[in-house]
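A.B. asks: Okay, here's the structure, questions in a sec.
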Amino acid sequence: MNHLDRFDYAILAALQADGTLSIAELAERVGLSSTPCWKRLKRLEEDGYIESRVAIVDRRKVGLPVTVFVSVRTSQHDEKWLARFAAAVTALPEVLEFHRMSGDVDYLLKVVTTDIAGYDRFYKKLIKVAHLTGVSSAFSMEQIKSSSALPLELLSHGLPS
């Protein structure tokens, strides 16, 4: 259970928008002085609320314009197989997200690559890592929204200071 107050949520929201803020800038944005803000930030990091601070790179500008959602089905469902499969898929650099799903699809991967030939190279690596019942690929035609920011405002209303 989380024990965050409105200042904690404000710090998290500000850092989601700009992870390069100095302590002074962050404190000013959230309405605290620097020392209490710094202490809260350290606690949020130590307690695991802040996993990391990263730069978001424009995938198109660096030559990775193609996004593919890959649905994977398998007849294997034991823990040992999953551990091997998860380790192998996690090691593939093209995979940005890897989810175990409910429903008709067992796993869903979000993959980025250079082009169709790049995806074909990825596909060949994927089918080598484990016996799969089916692999279905859906190419993203247009990215309409992409965000790494969680909707913290849904959780922070009505909290004490």
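Any read-out appearing in this document is the output of simple, stated calculations on the displayed coordinates, not a laboratory observation. This structure is a prediction, so every number in the text was calculated from the model and none was measured. Virtual Cβ from ideal backbone geometry, glycine too; neighbours counted across all protein chains shown.
A.B. asks: Being in a loop (DSSP other than H, G, I, E, B) and in contact (Cβ under 8 Å) with a residue 24 or more places away in the chain: is that true of Val112 here?
C.D. replies: Considered against the rule, which asks whether it is in a loop (DSSP other than H, G, I, E, B) and in contact (Cβ under 8 Å) with a residue 24 or more places away in the chain, Val112 comes out as no.
A.B. asks: What's the total number of residues in region 1-28 that are free of Cβ contacts under 8 Å to residues at least 40 places away in the same chain and closer than 19 Å to Leu155 by Cα?
C.D. replies: The number of residues fulfilling the criteria is 5.
A.B. asks: Filter region 23-48 down to the residues that are among the hydrophobic types (A, V, I, L, M, F, W, C), over 13 Å from Leu4 (Cβ atoms) and in a helix (DSSP H, G or I) and list them by number. Steps first, answer last, please.
C.D. replies: Residues of region 23-48 among the hydrophobic types (A, V, I, L, M, F, W, C): 23-24, 26-27, 30, 32, 37-38, 41, 44.
Filter again for over 13 Å from Leu4 (Cβ atoms), leaving 23-24, 26-27, 32, 37-38.
Selection gives Ile23, Ala24, Leu26, Ala27, Cys37, Trp38.
A.B. asks: Taking region 1-23 as the search range and keeping residues that are of a type in the set (A, V, I, L, M) and farther than 23 Å from Ile56 by Cα, which one is surrounded by the fewest Cβ atoms within 10 Å (Cβ to Cβ)?
C.D. replies: Among those residues, the one meeting the criterion is Met1.
A.B. asks: Output the number of residues of region 115-158 satisfying the condition of being in a loop (DSSP other than H, G, I, E, B) and among the polar types (S, T, N, Q).
C.D. replies: Going through region 115-158 one residue at a time, the tally reaches 6.
A.B. asks: So, one more: Inside region 106-147, can you point out the residues that are among the polar types (S, T, N, Q) and farther than 19 Å from Lys61 by Cβ?
C.D. replies: Those that are among the polar types (S, T, N, Q) and farther than 19 Å from Lys61 by Cβ: Thr133, Ser136, Ser137.
A.B. asks: Another question about this same structure. If you scan region 86-95, which residues turn out to be under 26 Å from Lys61 (Cα atoms), surrounded by 13 or more Cβ atoms within 10 Å (Cβ to Cβ) and not charged (D, E, K, R)?
C.D. replies: Of everything in region 86-95, those that are under 26 Å from Lys61 (Cα atoms), surrounded by 13 or more Cβ atoms within 10 Å (Cβ to Cβ) and not charged (D, E, K, R) turn out to be Val89, Leu92, Val95.
A.B. asks: Would you confirm whether or not region 78-100 contains a residue that is among the hydroxyl-bearing types (Ser, Thr, Tyr) and either assigned to a strand (DSSP E or B) or farther than 20 Å from His131 by Cα (or both)?
C.D. replies: no
A.B. asks: Here's another thing I want to ask about it. Go through region 13-67 and report how many residues are hydrophobic (A, V, I, L, M, F, W, C) and within 22 Å of the chain's Cα centre (by Cα). Don't jump to the end; show me each part of the working.
C.D. replies: So the first thing to find is which residues in region 13-67 are hydrophobic (A, V, I, L, M, F, W, C), and the list is 13-15, 17, 21, 23-24, 26-27, 30, 32, 37-38, 41, 44, 50, 54-57, 62, 64, 66.
Those left that are additionally within 22 Å of the chain's Cα centre (by Cα): 13-15, 17, 21, 41, 44, 50, 54-57, 62, 64, 66.
The total comes to 15.
A.B. asks: Return the only residue of Asp104, Asp58 being within 30 Å of Phe139 (Cα to Cα) and either touching a residue at least 24 places away in the same chain (Cβ under 8 Å) or among the polar types (S, T, N, Q) (or both).
C.D. replies: Within the list Asp104, Asp58, the selection yields Asp104.
A.B. asks: Moving on to the next point. Can you tell which of Phe85, Phe98, Phe122, Phe139 is of a type in the set (A, V, I, L, M, F, W, C) and within 25 Å of Gln16 (Cα to Cα)?
C.D. replies: Phe98
A.B. asks: Could you count how many residues in region 70-85 are exposed (fewer than 15 other Cβ atoms within 10 Å of the Cβ) and either within 19 Å of Phe139 (Cβ to Cβ) or under 16 Å from the mean Cα position of the chain (by Cα) (or both)?
C.D. replies: The number of residues fulfilling the criteria is 1.
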